[in-house]
Amino acid sequence: METKGTIGVTSENIFPVIKKFLYSDHEIFLRELVSNAMDATRKLQTLASVGEFKGELGDLTVRIRVDGDRLIISDRGIGMTAEEIDRYINQIAFSGAEEFVEKYKNDVAAMIGHFGLGFYSSFMVSRKVEIVTRSCREGAVPMKWSCEGTPAFELAETEKDDRGTDIILYIDDENKDFLEKQRITSLLTKYCRYLPVPIAFGKKQEWKDGKYVDTEDDLIINEVQPAWVRKPADLKEEDYLKFYRELYPMSDEPLFWIHLNVDYPFNLTGILYFPRIKSNLDIHRNKIQLYCNQVFVTDSVEGIVPEFLTLLHGVLDSPDIPLNVSRSYLQNDRNVKKISTHITKKVADRLEEIFKSDRPQYEKKWDSLKLFIQYGMLSEEKFYDRAVKFTLLKDVDDTYFTPDEYRKLIKDSQTDRDGTTVYLYTTSKNDQYSYIQVARDKGYSVLVMDGQLDSHMIGQLEQKEEKIRFVRVDSDTIDRLIQKADKQTVQLNEEQQTALREVFKSQFPVIEKTEFNVTFEALSEQVNPVMLTQSEYMRRMRDMSAMQPGMSFYGDIPDSYNLVLNTDHPLVKQILADEEKACAGQLQPILADLKGWEARQSDLREAQNKKKPEEVTDAEKEDMTATNSKLDELREQQRAILAGYAAGNPVVGQLIDLALLGNGLLKGEPLSRFIRRSVELIQ
């Protein structure tokens, strides 16, 4: 008996909508059809297990084959009767089709996932689709359903010896690539690699007579019992590592893993691996594969797991995560939120367990774990509260401490006069070696903070903990970094400070986007004569701006360094004495003139300040301008004399270059001059 009719859709534009709005994602048709075949097979197994199907199950392999312009997906599952075809195929599972089409035409994912349109995704690539099916019920009549991409269909009795269903796609001209063996193999591997029912496509091959030829054995493309669906007790370490290599063939072995197996209040299985992350967060993202009942859904899991967990690798499988829905829907779905919270908790539990049970091993893996844990602490408040117990700080001796342990260690020795505990750190043990050594000579501890997120982590720890402060070991002199008492007074008058400042400033090399200032401190004769320091705040802002686009303006601000002159050191005293001896004759008349003109400038300014701006006469303004110009001229003469002296004193240039060299700033021609001068000084 033949039946003709129209599919139960009141809008005739349902097929153009499917083709148009699903087109960008059209490869998922194969996943949908193979998943349907798997469901039909699993339903038959269920009926057999409860005694409702009494026949032989036999071979339950789902088979895919190409025949000319036809792609055929066959199963030996439950099959369908004419009534079931009418119910499941002819009546699309929604009411109010006009409203549906209008509402969901721009939302591909919601259209498929919420309204049972998985089968209809076949029309994205086909000009015609046929269903040949025979129900597993005794005496069932085989049926053939046919549709050419319009609401019209035909349903008639046919011949089919075996139970199950064949979906026959007549691939249209625009999608001939879905008839290619390599393309089909790629899609089956991507979406169906771990389906619980065998999937066969083609035959195994063997090498014979100088070429590969097909054998009689089916080529099964999937693993029906992947590691995550097996019990942890049945798996050995090698099984977990083998599965990881299957997922990520080119990756280093993971640090460790978590096997998830939850059945209440939601269903979730999976294995999450901790990769070795040394730097560059981005290259490690989106390596988690999401499955629904072993059907691959996506490897873009933002919104399903917290952002920091996207750095993990592995598999998550849950029937409670809705398939094919929009990202905004996922982020607001109640089950997804529960799953996200649970995964975060399980990750924290696992890390804490390893930390407590085998701390030496945990410390060995810390450098590879650090970036992941810091990212979690910075982005998830609840994770921070757990992770602060097992996050580690490493000192320059490669000794590890929790934040609580380290604070107790340094509290007595590194607390300044204001009661703030100062955490000294270095970003490079080699580049900042001399500063580290000065700190250690004082009995202080120095941390290594050379990671991609350390600047952010420092800021978070300072916010969370009271009365602590992080400072890089080269950001000031050690006695100012941890100020125990009032600093020693510099025994130089203003004229002497000006002279030394100009002497040293005149000899700085020109470095792009870099500024130098000269400051003075009395640091005792034993401390180096010069030190180069950089503001902790500005450097930290620049480091953070590299990762936060909204702070990019900090990256445009020039680097500013302070050259600290130790006025107690004999070399600095000698330079000042030599300068005074060499330049006194030239400078005395200039300095006398400067004092006179500075007094005049002060008088003029005082007189003008007593008047309103509009009451200041043009003559008074001209007088002030002339005075300022004369002062600029005299100061320029002073600078020229001091620069001439500095250029002839090799010790000045040598001290500056030593300071630059210690900070990695001496390069190119200045470095070459330093080497030549060093040779000359020791000859």
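The values are calculated or read from the model by the stated rules, or taken from the named source; none is laboratory data. Because the structure is a prediction, the values reported are computed rather than measured. As a convention, Cβ positions derive from the backbone with ideal geometry for all residues, glycine included, and neighbour counts pool all protein chains shown. We work out accessible area using only protein heavy atoms, side chains counted, and drop any ligands, DNA or RNA first. Shrake-Rupley method; radii C 1.70, N 1.55, O 1.52, S 1.80 Å.
Note that the range 667-683 has calculated 3J(HN,Hα) couplings of 9, x, 4, x, 5, 5, 5, 4, 5, 4, 5, 4, 5, 5, 5, 9, 6 Hz, one per residue in order, obtained from phi through the Karplus relation 6.51 cos²θ - 1.76 cosθ + 1.60 (θ = phi - 60°); glycine and proline are x.
For the chain, the relative contact order comes to 8 percent (Cα pairs under 8 Å, sequence separation of at least 6).
Rounded to the nearest 10 degrees, the angle from helix 494-505 to the longest Cα principal axis of the chain is 50 degrees. Label-to-label distance for Tyr400 and Lys611 is 7.4 nm, based on points extended 7 Å past Cα in the beta-carbon direction.
Label separation (Glu307 vs Lys573): 5.7 nm, computed from points 7 Å beyond Cα along the C-beta direction. Where does the Debye-calculated log10 I(q)/I(0) of the chain sit at q = 0.06, 0.08, 0.10 Å⁻¹, using only Cα point scatterers of equal weight, no solvent? Treating every Cα as an identical point scatterer, log10 I(q)/I(0) equals -0.60, -0.81, -1.02.
For GluC sites (Glu not before Pro), the sites in the range 156-187 that DSSP calls loop and that have at most 11 other Cβ atoms within 10 Å are Glu159, Glu180.
With respect to the cross-link table entries Lys160/Lys181; Lys505/Lys573; Lys181/Lys211; Lys389/Lys464, which display a Cα-Cα separation exceeding 24 Å?
Lys160/Lys181
Here the dipole of the range 569-683 is about 520 debye; that uses its Cα centre as origin and unit charges on the Cβ of Lys and Arg (positive) and Asp and Glu (negative).
A straight chain from Ser379 to Asp173 at 0.36 nm per residue would run longer than the Cα-Cα distance by 69.3 nm. Using Cα pairs under 8 angstrom and six or more residues apart, how large is the relative contact order of the range 335-470, in percent? Here the relative contact order equals 21 percent.
Among the protein heavy atoms, those of Thr533 account for about 0 Å² of accessible surface (1.4 Å probe, every chain in place).
Restricting the calculation to alpha carbons of the range 176-244 gives Rg and Dmax of 15.5, 47 angstrom.
Listed by chain and number, the lysines whose C-alpha is less than 16 Å from the C-alpha of Lys467, apart from same-chain residues fewer than 8 away, are Lys408, Lys411, Lys484. Around the amide H of Val297, modelled in the peptide plane, lie the amide H atoms of Leu290, Tyr291, Cys292, all under 5 Å away and 5 or more residues distant in sequence or on another chain.
Placing a label point 7 Å from the Cα of Ser251 along the Cα-to-Cβ direction, the residues of the range 355-383 with a backbone N closer than 16 Å are 368-373. Checking the table Lys54/Lys204; Lys356/Lys442; Lys43/Lys236; Lys231/Lys345 against a 25 Å threshold on Cα-Cα, which pairs fail? Flagged as over cut-off: Lys54/Lys204; Lys356/Lys442; Lys43/Lys236. Couplings 3J(HN,Hα) of the range 250-261, computed from phi: 9, 8, 5, 5, x, 6, 6, 8, 10, 9, 8, 8 Hz, in residue order, whole Hz [Karplus 6.51 cos²θ - 1.76 cosθ + 1.60, θ = phi - 60°; x for Gly and Pro]. Cross-link reach is defined here as a Cα-Cα straight distance under 20 Å, omitting same-chain residues fewer than 8 places apart; for Lys630 the lysines meeting it are Lys595, Lys621. Given their separation in residues at 0.36 nm each and the Cα-Cα distance between them, Asn267 and Tyr88 gain 61.8 nm when the chain is fully extended.
In the chain, taking the dipole from charged Cβ atoms about the Cα centre, the farthest positive-side position among Ile28, Gln683, Pro589 is held by Gln683. Distance between the pseudo-spin-label points of Arg230 and Ser524 (7 Å out from Cα toward the beta carbon): 6.6 nm.
Global dimensions of the range 559-656 from alpha-carbon coordinates: Rg and Dmax equal 18.7, 54 Å. Hull volume per residue, based on the alpha-carbon atoms of the range 19-88 and their convex hull, is 135 Å³.
So how strong a dipole does the chain carry about its Cα centre when Lys and Arg Cβ are +1 and Asp and Glu Cβ are -1, to the nearest 20 debye? Walk me through the numbers before you get to the answer.
Working: 91 positive and 114 negative charges, 206 e Å.
Dipole about the Cα centre, nearest 20: 980 debye.
Taking the longest Cα principal axis of the chain as reference, the axis of helix 237-247 is set at about 90 degrees. Radius of gyration over Kirkwood radius for the range 158-199, both on Cα atoms: the Rg/Rh ratio is 1.06.
If you average 1/r over all unlike Cα pairs in the range 399-540 and invert the result, what Kirkwood radius do you get in angstrom? Walk me through the numbers before you get to the answer.
Working: mean 1/r = 0.0593 Å⁻¹.
Roughly 16.9 Å, rounded to one decimal.
The candidates Arg87, Arg386, arranged from most to least accessible area with a 1.4 Å probe in the full protein assembly, appear as Arg87, Arg386.
Bridging of Lys612 to aspartates and glutamates at a Cα separation below 18 Å is possible for Asp603, Glu620, Glu622, Asp623, once same-chain residues fewer than 8 apart are set aside. For the range 466-507, the share of alpha carbon pairs falling in successive 10 Å distance bins from zero is 21, 31, 34, 11, 2 percent.
Taking θ as phi - 60° and the Karplus parameters 6.51, -1.76 and 1.60, the scalar couplings of the range 473-480 work out to 5, 9, 7, 5, 5, 4, 6, 8 Hz in sequence order, x denoting glycine and proline.
Here's how it looks for Val448: its modeled amide H is under 5 Å from those of Lys394, Asp395, Val396, Thr426, which are all 5 or more places away or on a different chain.
Using only the Cα atoms of the range 639-683, build the gyration tensor, take square roots of its eigenvalues as a ≥ b ≥ c, and label the shape rounded, prolate or oblate: rounded if a/c is under 1.5, else prolate if a/b is larger than b/c, else oblate. In terms of gyration-tensor shape, oblate. Counting only heavy atoms of the protein chains and using a 1.4 Å probe, Arg137 has close to 140 Å² of accessible surface.
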